[in-house]
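The structure appears below as structure tokens.
The values are calculated or read from the model by the stated rules, or taken from the named source; none is laboratory data. Source: prediction; values computed, not measured. Ligands, DNA and RNA are stripped out before the accessible areas are found, and what is left, the full protein with its side chains, is counted by its heavy atoms. Shrake-Rupley method; radii C 1.70, N 1.55, O 1.52, S 1.80 Å.
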Amino acid sequence: GAAARSRSAFMAARSSAATEPLPPTLLPITFSVFAQMIGEGIAISSLPLHMTLLGASPLEVGLATSCFSVAQMVCCPALVSLSSRFGRALVLRVCLGGATLSSLLIAASGSTAGIVTGRFCAGVFAASVPVAQAAATDIVSGPQTARALSRVSAANQAGVVVGPAASALLIGLFASCGVGAP
């Protein structure tokens, strides 16, 4: 009787909230994650070639690849904490700027040590993904939380998928203009 009606009303309200549009403030958060992860996709697909051209060993290439994830894992809690204190938007902006500078360091580096340093810095700033997830949970509640988090996660994965394709297209474009690796 009453329990079944109450459960039915709860499920209807939950279903209704889950299909409401997500707030537009989620869009810049997902775009920032997408943009940063495109950069990571480009880096991860071109890094072995770049380092091999500099004479790096397979171990050095592996170190440069792995130090990104180590830095991200270690720095995530600190960046999320900083975003709670100073604001999610500010920390996301700093992370995007830091990721850009890290990519420039990697591209301009003529040494394996410079690339490893750049990759470590890129990993620190890639902790923006959990900051973006925290921002998403700040702007939605209840049943929309899972949808908002899935959007941030989808933006993350889409960037990693699009990045290598963008890398290949850019390499082809530069090569057709006579610009290529030494």
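Figures for the structure shown
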quantity: Test for Ala99: is it open to solvent by less than 60 Å² (accessible area, probe 1.4 Å), at negative phi and modelled with pLDDT of 95 or more; calculated: no
quantity: Members of segment 118-175 found to be hydroxyl-bearing (Ser, Thr, Tyr) and under 12 Å from the mean Cα position of the chain (by Cα), listed by number; calculated: Ser128, Ser153
quantity: Extreme residue, most open to solvent (accessible area, probe 1.4 Å), among residues of segment 134-182 that are of a type in the set (Ser, Thr, Tyr) and part of a helix (DSSP H, G or I); calculated: Ser176
